[in-house]
Amino acid sequence: MATRVLWAVGFSILSVLSAGFAGTAMAADGRLQKIAEQKQLRVCSWPDYYAISFRNPRTGALEGLDAELAQAFADDLGVRLTVVESSFPRFIEDLLADRCDIGMFAIGATPARAERVAFSQPYLRSGIYAVTTQTNDGIRRWEDLDRAGNIVAVQKDTYMDGYARSAMKAARIVAVNRPQEREEEVQSGRADAFLTDYPYGQRMLAFHPWARLVVPDVPVQPTPYAYAVAPGDASWLERVNGFVAAIKADGRLERIAARYNLTPIVARD
């Protein structure tokens with residue numbers, strides 16, 4: 001309960017920060033007008049996020065909740081969808097450099113990120129999980145992770161990275177950059193476990209028989225996931241929030257999330 005209250009307060013602060021960004025001055029011909037004139041919605045997406053925006057290795061097509069919702073948003077706007085490949089370390093730079101209009105790949109709406117971009121209302125919420133090997137008897141519970149001699153891998157610039165460095169005192173934290181590098185480190189034995197969220201944990205169980213998910217007894221740092229836009233355009237942020245409200249109200253969010261086994265982390269508030 002205390003954790004939920006803390007994150008509710010944190011998200012309230014985050015919303016104020018986002019609103020402050022959105023309220024800054026901007027030219028009259030804002031992003032909505034630009035999207036309408038160019039007849040395209042440019043969506044930053046990370047193509048290796050299972051159940052969110054995952055490139056099917058057979059077809060090359062993006063699949064997942066946000067892959068479908070990005071197309072739905074473009075359809076709602078009456079424009080074509082253009083996907084811009086991005087990543088967690090790079091999406092803020094891409095937004096600020098106007099390489100895309102919006103980031104849509106289950107981005108953790110953390111206060112640190114909210115200092116640089118504006119966030120929509122949340123549509124998902126996930127805590128942190130760990131993945132280790134089936135044969136690692138030294139890590140059976142969440143409490144086993146932070147022990148001297150353990151090496152815990154995290155994806156650089158994710159909120160798991162920040163959590164590990166602040167919360168884990170005994171284990172050594174190793175930040176990696178490449179997609180799938182975390183699991184390579186664990187499978188090879190160079191790391192004992194890696195931290196991830198609910199969608200990626202489900203990917204590991206689906207594709208890697210060697211993997212075992214470590215689920216904390218109490219949710220660890222539940223984080224709201226939202227869409228990200230560059231600051232300074234109140235009308236664009238309002239339109240994005242309108243889309244989020246619509247997919248919650250008309251059932252699209254629930255229906256698509258169910259297809260990808262994401263129902264447990266849908267944010268209904």
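The values are calculated or read from the model by the stated rules, or taken from the named source; none is laboratory data. It should be emphasised that the depicted structure is a prediction, and the values quoted were computed from it without experimental measurement. As a convention, Cβ positions derive from the backbone with ideal geometry for all residues, glycine included, and neighbour counts pool all protein chains shown. In case anyone asks, the SASA skips ligands and DNA or RNA and just uses the protein heavy atoms, side chains included. Shrake-Rupley method; radii C 1.70, N 1.55, O 1.52, S 1.80 Å.
When A51, A36 are screened for being at positive phi and modelled with pLDDT of 90 or more, only A51 passes. Only residues that are among the β-branched types (V, I, T) and more than 30 Å from R99 (Cα to Cα) were counted across segment 199-252, and they come to 4.
Q221 satisfies every condition listed in (1) more than 23 Å from Q155 (Cα to Cα); (2) under 18 Å from the mean Cα position of the chain (by Cα) except (1). For segment 148-182, the tally of residues that are of a type in the set (D, E, K, R) and more than 22 Å from W210 (Cα to Cα) stands at 6.
For segment 140-151, the condition of being in contact with a helix residue (DSSP H, G or I) (Cβ under 7 Å, 6 or more places away or on another chain) and at pLDDT 95 or above holds for none of the residues. For segment 197-241, a tally of residues being open to solvent by 50 Å² or more (accessible area, probe 1.4 Å) and farther than 17 Å from A106 by Cα returns 12. Close contacts from segment 219-240, counting a first residue that is in contact (Cβ under 8 Å) with a residue 12 or more places away in the chain and a second that is among the β-branched types (V, I, T) and open to solvent by 10 Å² or more (accessible area, probe 1.4 Å), with Cβ to Cβ under 7 Å and a gap of 6+ residues or different chains, come to P219/T3; P222/T3; T223/T110; P231/T24; G232/T24.
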